[in-house]
Amino acid sequence: MGAAIGTLGVGFVLIGLLGVTGSSLVASIVYICVGGLGLIAARRERPLAVEERKHKSNAVSTGRETLLVWIFTCSGFVSIAYEVIWFRFLTNVSTSSVYAFSGMLGTYLFGLVIGSLICAKFLAPHKNQLLRYFAITQFGLAVSATLTLAILGRASTLRSFLHQIVPTFVPFQMQAFLGDDVIFFFICLLALILPTTLIGISFPIASELTVMRMSALGRKIGTLYALNTVGGVLGSLVAGFVLIPYLGSQWALSVLILINMLLFAAVVMSQPGVPKTLYRQGAIALIVVVVSFLYFGPHYLEGQLTAFVGAKVLALREAKEATFVVLEYDEWATGRYQQLLVNSKSYANNRPEGRRYMAAMGHYPLLLHTGPSESAAVICIGTGTTIGAVTTHGELQSIYAVDLAPTVFDFARYFVPINKRFYENPKVQKVVADGRHYLLGTANTFDVITLEPPPPIDAGIVNLYSEEFYALAKQRMRHGAVLAQWVPLDIARGDLPKIILKSLLAQFKHVSLWVPDRMEGIAIASDEPLLIDRNELAKRMSEPAVADDLMAVGLRSPEDLLGTFVAADETLAAYLGDSPSLTDDRPRIEYYNLYPVRPIRVKDLVGLRGDVERYFTDSSAKDNQLDTARKVVEAIWMEHESSAIGDTATARSALDNALKLEPDNEYLRYLDRKQRAVIKQAGDIPTASEAER
C-alpha cells in the first residue's frame, strides 16, 4: 500500500511541485522518520528467548521444500514478466505520459495489496490448505491472464464505451489533474486487477509455506526473497529483450500462461498431501485457456495494434524499444500517403501538412546559418522527411542521422521518395543511439543540429528539451552554428511551449520562433545574432534540389520562408515573461497536470509577430511580396485553428483570402481540396464561388 501511494503521490504531485531532488529529499525524510521510530520501538522490545528460537526452528528442510522454493522463484519471474508485457501493450491505448505509467504501476501495486489482504484475512489461518491455495493461484493466474488478454484485444472498443460514460461522473478538473487520461485508468483496473490480486495472494502464501516447512527461519526467508527478486529481475529482462521482440505480445503472454500451468503441475506432482480434486480443476483451467486461444486466433492482439479506419497496414514490428506500425492511406484531397505510429501514436506522416514543417526543420537552420555548412546532425528521424531535406544541401560533407530505434531506419523505405532515400546516401551515417547520449559520447562537432523529439509530454522525452541538453548541444556546435528545435504550439496547455522556449533562451543568446504551418513552431537558436542576407538566402534556395523540395511544400521564394517568422530575442523573451525554465531536475513539461488548459491561439501569434526586416543585412525598402507572404501564413494558421474547432465558415474564409493572394501556391491548393472534401462529407452546400472553383 505504501508503494502504491508513493507511486501515485510522486507521479502526480511531488515531482511536478518539488522536482526530482525535492521529491528525493521528501523520500529521505520519510526514511529517517521510519528509522527513528524503529529505534524508539526497539528500546521497548523484549529479546526472543533461546528456547523460543529453538521451538520455532524445528522444521526440517527436504528436497521437496527446496524444489518448492525454486517454484516460488519461477512464480516471481512470471509475475514481473507479466507486468512488463501488460505495461508495454497498454501504452498502445494510453498517452505515453508519466501519469499513464504511474497509473499502470499504481494499479498493479493495488492489486498486490488486495491479494495480500485476502491472503491475510481468509487464507493464511488455514495452514493445512496453503499448498492447495498456492496451486490454485497458479492456474487462476493462467485463466485471469487469458481474460486480460481478451480485454487488451478489445481495448479500443472498451475505450470508446468508457468515453461515453466516464465524463458524466468524473469532473473535467479531475480529469485534467489526472493527466487527461482517466478512461485509461479504468481500462487498467479492468484488465489488471484480477491477475494482480492473484499475484498478491501467491507471494504471502509462499512466505508462509517457507516458514512452516524450512529450518533456519531467517536465512530461508532471506533466500526466498532473494530468489524471488532474482526471478523478477530475470522476468523483466527476458520479457523486454527476448519475448516481446521475438514472439510479440500475444505469444509472449502465451508463454507466461503456459509457465503458470506448468508451475501448477509441478506443485501438485511434487508435493505430498495435495488433494486429487486439484487435477480436475487444473484440467478445466487448461481447457479454458486452450479454447480461448483457439477462439482468439494467432493474430488477436495484432488486430488491436492495426485497427485504424481507412488504413492499409504496410508493416508492424514489436521491437525492444517500442511497437512500430506503418500505415498507408489513399484520400481524394491528399492522394496516397504513409504514416508512422509508435505505440499507436502518430509520430510522423508525409501528408503535405506534416511534410511542410518537417522539411522546414531541415531547411531553415541550413538556410539561416550565416557561414558555410559542412556537418549536420539530425536527431530523431521519424519518416526521414527532415533528414531528406538536409541531404538536398550539397555543401554538407557529413550528416549524422541519430535515432534510438533501428526499426526507424529499417522502415524508412516506406517513406520514399519524400525522404530522398537518405539511408543510401554516402554522406549519411546512421547512428542507433539516444540523441543525448550520442552528443555526450561523440567528439564530432556540427554546423547545424536539428531535432524533432517525440511530444514533450511523453515520459522521458524532457531530456531532449531541457537546459542541460541545450548546454550539451552547444559543446558540440561550431562557432556560429545553429540549432533547430521543434516546438509544438498546438497543444492544450499553452504554458508548455513557453517553458521549452524559455529553456532555449536560458542557454542561447539568440532564439527566434518561426511557424511555417498549422501551429508547428520551429525555434532557431544560436549564440550568433540572426542576420539574413536576402541575396544569399535566395541563392541557397535556388539550388535545384533545395528549390524542388521547398516548392513541393509551398515555400517557393525567400519571401514565403521569411513570412513564417514570428519573433526573436527580446520580443520573444518579453512574451515568455516569468514562464519557468525546464531542467533535468524540474521536468515541468512531463508534469503538465499542474498547468491550466489554456492553448496558444492564432491571435496570440499575430499579436506577438514582429518585423523580420529588423534582421536583414541590407536596408531594403518595404516589400509587398513579403507582406503578401505574411498574410498567406496567417491564413494558413487560421484555417487550421478554425477547422480544428469546427468553424468551417472562418476556415473557408481564411483559405479563400490566401488563394486570392497566391492562386498558384500548390500547398494552398491542397488545403483547398482537403477542406472541400470535409465540407462535402459533412453535407454542407458550397457557395457559388466554391462551385465555380
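For the chain, build the charge dipole from Cβ charges (+1 Lys, Arg; -1 Asp, Glu) around the Cα centre, then report which of Leu327, Leu464, Asn228 sits farthest towards its positive end. It is Asn228, whose Cα lies furthest towards the positive end.
Taking other C-beta atoms within 10 Å as the exposure proxy, Thr386, Thr392 rank Thr392, Thr386 from fewest upward. When the range 543-614 is described by a simple charge dipole with +1 on each Lys and Arg Cβ and -1 on each Asp and Glu Cβ, the residue from Val546, Ala568, Ile589 located farthest towards its positive end is Ile589. Estimated from the Cβ-Cβ distance and a Förster radius of 51 angstrom, the FRET efficiency linking Lys660 and Asp618 is about 0.95.
Among Thr571, Thr450, the order by Cβ neighbours within 10 angstrom, fewest to most, reads Thr571, Thr450. Counting only residues at least eight positions apart within a chain, or on another chain, the lysines with an alpha carbon under 20 Å from that of Lys276 are Lys127.
In this entry, the range 483-622 is assigned a mean projected area of 9.4 nm², taken as a quarter of its C-alpha convex hull surface.
Of the trypsin sites (Lys or Arg not before Pro) found in the range 254-334, those that fall in a DSSP loop while having at most 15 other beta-carbon atoms within 10 Å are Lys276, Lys320.
As I understand it, the value is the acute angle between the Cα axis of helix 666-682 and the longest principal axis of the Cα atoms of the chain; what does it come to in degrees, rounded to 10? Tilt of helix 666-682: around 60 degrees.
With contacts taken as Cα pairs under 8 Å at a separation of at least 6 residues, the range 491-595 carries a relative contact order of 40 percent.
On the beta carbon distance between Ala283 and Val170, with R0 = 51 Å, the FRET formula returns roughly 0.75. Each of Met358, Met212, Met551 was scored by other Cβ atoms within 10 Å of its Cβ. Listed from fewest to most, they are Met212, Met551, Met358.
Note on the range 475-551: dipole from Cβ charges, positive end direction compared against Gly494, Gln475, Met519; the farthest Cα belongs to Gln475. About its Cα centre, the dipole of the chain is roughly 3380 debye, where the only charges are +1 on Lys and Arg Cβ and -1 on Asp and Glu Cβ. Using C-alpha pairs under 8 Å with a sequence gap of at least 6, the mean separation divided by the residue count of the range 371-496 gives a relative contact order of 27 percent. Here semi-axes √(5λ) of the Cα gyration tensor in Å was computed from the coordinates, and among (i) 43, 37, 24; (ii) 42, 31, 22; (iii) 56, 28, 23 the match is (iii). Computed from Cα positions, the angle between helix 130-152 and the longest principal axis of the chain comes to roughly 20 degrees. Sequentially through the range 243-255, phi angles give Karplus couplings (6.51, -1.76, 1.60; θ = phi - 60°) of 5, 5, x, 9, 10, x, 4, 5, 6, 4, 5, 4, 4 Hz, Gly and Pro residues having no value and appearing as x.
Here the chain carries DSSP beta bridges of which approximately 60% are antiparallel, counting only pairs with both residues inside. The lysines within cross-link reach of Lys502, meaning a Cα-to-Cα straight distance under 24 Å and a gap of 8 or more places when in the same chain, are Lys474, Lys603.
In this label model, Arg44 and Thr370 are separated by 7.5 nm, measuring between points 7 Å along each Cα→Cβ vector. A compact globular protein would have a Cα radius of gyration near 2.2 N^0.38 Å; the ratio found for the range 1-46 is 1.45. Karplus-based coupling profile of the range 391-399, in residue order and whole Hz: 5, 6, 8, x, 6, 5, 9, 8, 9, with θ = phi - 60° in 6.51 cos²θ - 1.76 cosθ + 1.60 and x standing for Gly or Pro.
Spin-label model, Leu17 to Val291: label points 7 Å out along the Cα-to-beta-carbon direction sit 5.2 nm apart. Would you mind checking Lys345/Lys420; Lys121/Lys220; Lys320/Lys345 for any pair whose Cα atoms are more than 20 angstrom apart? With Cα atoms farther than 20 Å apart: Lys345/Lys420; Lys121/Lys220. Length gained on full extension, Asp604 to Arg673, computed as 0.36 nm times the residue gap minus the Cα-Cα distance: 22.1 nm. Please say if the range 344-401 is rounded, prolate or oblate, where rounded means a/c under 1.5 for a ≥ b ≥ c the square roots of the C-alpha gyration tensor eigenvalues, and otherwise the choice is prolate for a/b larger than b/c and oblate otherwise? Prolate shape, in that a/c is at least 1.5 and a/b is the bigger ratio. Angle of helix 182-213 to the longest C-alpha principal axis of the chain, folded into 0 to 90 degrees and rounded to 10: 30°.
For the range 352-616, the relative contact order comes to 21 percent (Cα pairs under 8 Å, sequence separation of at least 6).
Residue by residue, the range 346-363 carries 3J(HN,Hα) couplings of 6, 9, 5, 8, 10, 5, x, 5, x, 5, 4, 7, 6, 5, 4, 4, x, 6 Hz when phi is fed to the Karplus relation 6.51 cos²θ - 1.76 cosθ + 1.60 (θ = phi - 60°); x denotes Gly or Pro.
Here, each number is a calculation from the coordinates, and none is a lab measurement. Owing to the predicted nature of the structure, the values given are computational and were not obtained by experimental measurement. Every residue, glycine as well, gets a Cβ built from its backbone with ideal geometry; the counts of neighbours run over all protein chains shown.
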